[in-house]
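The values are calculated or read from the model by the stated rules, or taken from the named source; none is laboratory data. Predicted model, so just to flag it, every value in this text is computed and none were measured. Positions of Cβ are generated from backbone atoms using ideal geometry, with glycine treated the same way; all protein chains shown enter the neighbour counts. Heavy atoms of the whole protein, side chains included, go into the accessibility calculation; ligands, DNA and RNA do not. Shrake-Rupley method; radii C 1.70, N 1.55, O 1.52, S 1.80 Å.
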Amino acid sequence: MKNSLASVVSLSFCAVLALAVSGAGAQTKNDPIRIGLIFPLTGGSSDMGHSARVGAQVAIEEVNEVGGYLGRPFELVVRDDKADPETGVKAAEDLVLKEKVLATIGFCNTGVAAKALDVFQKNRHVLLVPCATGTVLTAKYPASESFIFRTAPRDALQTQFLAAEIAKRGLSRPALLVDKSGYGDAGLVDLEAAFAKLGIKPAIVVRFAVGAKSLVDEVKQAKAAGADSLIGWTVGPESGVLAASRVEAGWNVPAFGPWGLSHRSALEASKGAVEGAMFVQTVLPNIYLERNNAFRLRYLKLSRETPIGSMMSAAQAYDAMHLLLRAMFETRQDLSGPGLKKALENLPRRYSGVVTTYDKPFSGADHDAISANMLWLGTWHSGERAYYYAEDAKRASVIRYKE
C-alpha cells in the first residue's frame with residue numbers, strides 16, 4: 001500500500017507542477033517533447049527490446065495523461081539496433097545529431113551500448129541504460145563528467161550475488177559456460193573476480209559461440225571436469241539452449257545464470273527445460289505489491305504477451321523514463337544535456353517505482369541506480385518467473401533503498 005500511495009503522490013506532483021507552471025504562461029509551445037529509444041526490436045534479443053519499449057511507453061502515457069511537461073506531450077522516437085554494434089552507433093547518431101531528441105533511453109546488449117557511448121558523451125546528451133548490464137558502461141567515463149546513467153544491475157553485482165549463493169550452498173567447483181560475445185568477455189572477468197574473493201576456483205571455463213543450437217558437448221566437458229554446479233553466462237536464446245543441453249546430457253546439478261536466463265526466449269528455446277534454473281532479478285511478479293500489479297496490468301493493455309518477454313527490461317525502462325521525466329521538472333526549464341545531467345544527479349524527492357523506491361538514485365560520483373541489496377534469486381516455475389525463496393515474495397514489500 002505504501003508503494004502504491006507513494007507512486008500516486010509522486011505522479012500527482014508532476015501533474016500539479018505542470019499545470020501550475022503552464023497556467024502561469026511560462027511555456028506556450030505545444031510541440032511534443034521527443035525522447036529517443038534504442039532497443040533490439042528484431043533478432044535474438046528482441047524479447048528484451050520489445051519489453052523495454054512497452055515499459056517506456058507505459059510511462060509516457062501515464063505522464064501525458066496528466067498534462068505532459070508544461071502542457072507539452074511526450075513522443076517516443078524509436079530505433080531498432082538489431083543487437084548489432086554498428087547499427088546501434090548509426091541509431092545513436094541519428095537520434096542525437098539528426099532527430100535531436102531531448103534525451104535517449106536505450107540498449108539491451110552491452111556490446112552494442114559500449115560501441116555507441118562516445119556519441120552521447122561527445123555531444124553531452126543524456127543516455128539512460130535500462131537493460132545492458134556490462135560493468136564497463138558506467139565506468140568508461142568518470143561519473144562527474146559522464147552523461148551515461150543506468151537503471152539495470154551491473155554485472156559486477158550479479159556475479160557477486162551468484163558467487164555468494166553458490167558458496168552459501170556449500171558448492172565449490174562451479175563450471176562457467178560463457179559465450180564469446182563482448183558481454184561474455186566482460187562477464188567472465190567479473191565472474192572470476194567474484195569467485196576469487198571467496199577463494200573458489202571454477203572447475204572449468206568453457207566458451208561457446210552466440211547462436212549455438214546445441215551445447216551438449218560443452219556440457220559434457222563441464223560434467224567430466226567434476227563440476228558441482230553450473231553458471232551459464234549468455235543471453236536469452238542461448239540460455240535456453242544450454243538448459244536443454246544440460247537435460248539432454250543428463251547432468252543434474254544446480255544451474256544458475258544472470259538475468260538473461262529469465263527472458264521468455266530462454267523458456268521457449270529450452271522447451272521448458274529451464275524449469276527450476278535460478279537467475280538474478282531486480283523485480284518479479286508479486287501479488288503483494290500494488291505498484292507491481294498495476295504496472296503489469298497497464299503493460300498488458302499494450303502487449304498481450306505471456307509471460308512478458310523480459311519483466312526486468314520492462315520495469316527498468318519504465319522506471320528510467322519516470323526518473324528522466326522527474327529530472328526535467330527540476331531543471332528550471334534548462335533542458336540541455338548538462339541541465340538534465342545535473343538534475344538526475346540531484347533528484348530531491350523519492351520516486352516509488354516498480355523495481356524499488358528510488359531515493360537519490362544518482363549522484364555526481366555514481367550513475368548506477370541499482371545496488372546489491374535490491375537483487376533477488378529468481379527461478380522458472382510452471383512457465384513463469386518466481387522468487388526462488390518463497391519468503392522473499394513477502395520480504396519484497398519492505399522498501400530497499402540504494403546503499
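Can you tell me which residues in the range 268-322 are part of a helix (DSSP H, G or I), surrounded by fewer than 21 Cβ atoms within 10 Å (Cβ to Cβ) and among the hydrophobic types (A, V, I, L, M, F, W, C)?
Residues satisfying the conditions are Ala294, Leu297, Leu300, Leu302.
Is it fair to say Lys201 is among the basic types (Lys, Arg) and in a loop (DSSP other than H, G, I, E, B)? Even if it seems obvious, please write down each step before you answer.
Numbers: among the basic types (Lys, Arg): yes; in a loop (DSSP other than H, G, I, E, B): yes.
In short, yes.
Any idea which residue in the range 107-145 is nearest to Gly339 (Cα to Cα), counting only those that are under 15 Å from the mean Cα position of the chain (by Cα) and part of a loop (DSSP other than H, G, I, E, B)?
So the residue we want is Pro130.
Can you find a residue that is farther than 24 Å from Ser270 by Cα and acidic (Asp, Glu) anywhere in the range 211-219?
Taking every residue of the range 211-219 in turn, none turns out to be farther than 24 Å from Ser270 by Cα and acidic (Asp, Glu).
Mind counting the residues in the range 46-78 that are open to solvent by 40 Å² or more (accessible area, probe 1.4 Å) and within 18 Å of the chain's Cα centre (by Cα)? Outline the logic, then answer.
Taking the range 46-78 and keeping what is open to solvent by 40 Å² or more (accessible area, probe 1.4 Å), we get 50, 53, 57, 61, 64-66, 71, 73, 75, 78.
With the extra rule that they be within 18 Å of the chain's Cα centre (by Cα), the set shrinks to 50, 53, 57, 78.
Total satisfying the criteria: 4.
List, please: which pairs have Cβ atoms under 7 Å, are six or more places apart or on different chains, and start with a residue in the range 206-230 that is within 22 Å of Gly170 (Cα to Cα) and crowded, with 19+ Cβ neighbours inside 10 Å and end with one that is among the β-branched types (Val, Ile, Thr) and at pLDDT 95 or above?
Taking only residues 6 or more apart or on different chains, the pairs are Ala222/Ile204; Ala222/Val206; Ala227/Ile204; Ala227/Val253; Ser229/Ile166; Ser229/Val253; Leu230/Val253.
Is it the case that the range 323-339 has a residue that's under 16 Å from the mean Cα position of the chain (by Cα) and of a type outside the set (Phe, Trp, Tyr)? So that I can check it myself, show each step before the final result.
At the first step, the residues of the range 323-339 found to be under 16 Å from the mean Cα position of the chain (by Cα) are 323-324.
The next check asks that each one be of a type outside the set (Phe, Trp, Tyr); those that pass are 323-324.
Yes: the range 323-339 contains one or more residues that are under 16 Å from the mean Cα position of the chain (by Cα) and of a type outside the set (Phe, Trp, Tyr).
Surrounded by 22 or more Cβ atoms within 10 Å (Cβ to Cβ), under 30 Å from Ala91 (Cα atoms), modelled with pLDDT of 95 or more and not hydroxyl-bearing (Ser, Thr, Tyr) - does that describe any residue in the range 160-176?
Within the range 160-176 (the criterion being surrounded by 22 or more Cβ atoms within 10 Å (Cβ to Cβ), under 30 Å from Ala91 (Cα atoms), modelled with pLDDT of 95 or more and not hydroxyl-bearing (Ser, Thr, Tyr)), the answer is no, since none of the residues qualifies.
Only residues in the range 384-403 that are of a type in the set (A, V, I, L, M) count as the first member; pair them with residues that are part of a strand (DSSP E or B), Cβ under 6 angstrom, at least 6 apart or cross-chain, and list the lot.
Taking only residues 6 or more apart or on different chains, the pairs are Ala386/Thr379; Ala393/Tyr387; Ile399/Thr357.
Please go through the range 10-45 and give me each residue that is modelled with pLDDT under 50 and surrounded by 14 or more Cβ atoms within 10 Å (Cβ to Cβ), ordered by number. Lay out the reasoning, then the answer.
We begin by selecting, within the range 10-45, every residue modelled with pLDDT under 50; these are 10-28.
Ser10, Leu11, Phe13, Cys14, Ala15, Leu17, Ala18, Leu19, Val21, Ser22, Gln27 - these are the residues of the range 10-45 that are modelled with pLDDT under 50 and surrounded by 14 or more Cβ atoms within 10 Å (Cβ to Cβ).
I'm trying to understand the selection: among the residues of the range 147-190, which are in a loop (DSSP other than H, G, I, E, B) and more than 19 Å from the chain's Cα centre (by Cα)? Give the steps one after another, and end with the answer.
Taking the range 147-190 first, the residues in a loop (DSSP other than H, G, I, E, B) are 147, 151-154, 169-173, 180-181.
Residues satisfying the conditions are Arg169, Gly170, Leu171, Ser172, Arg173, Lys180.
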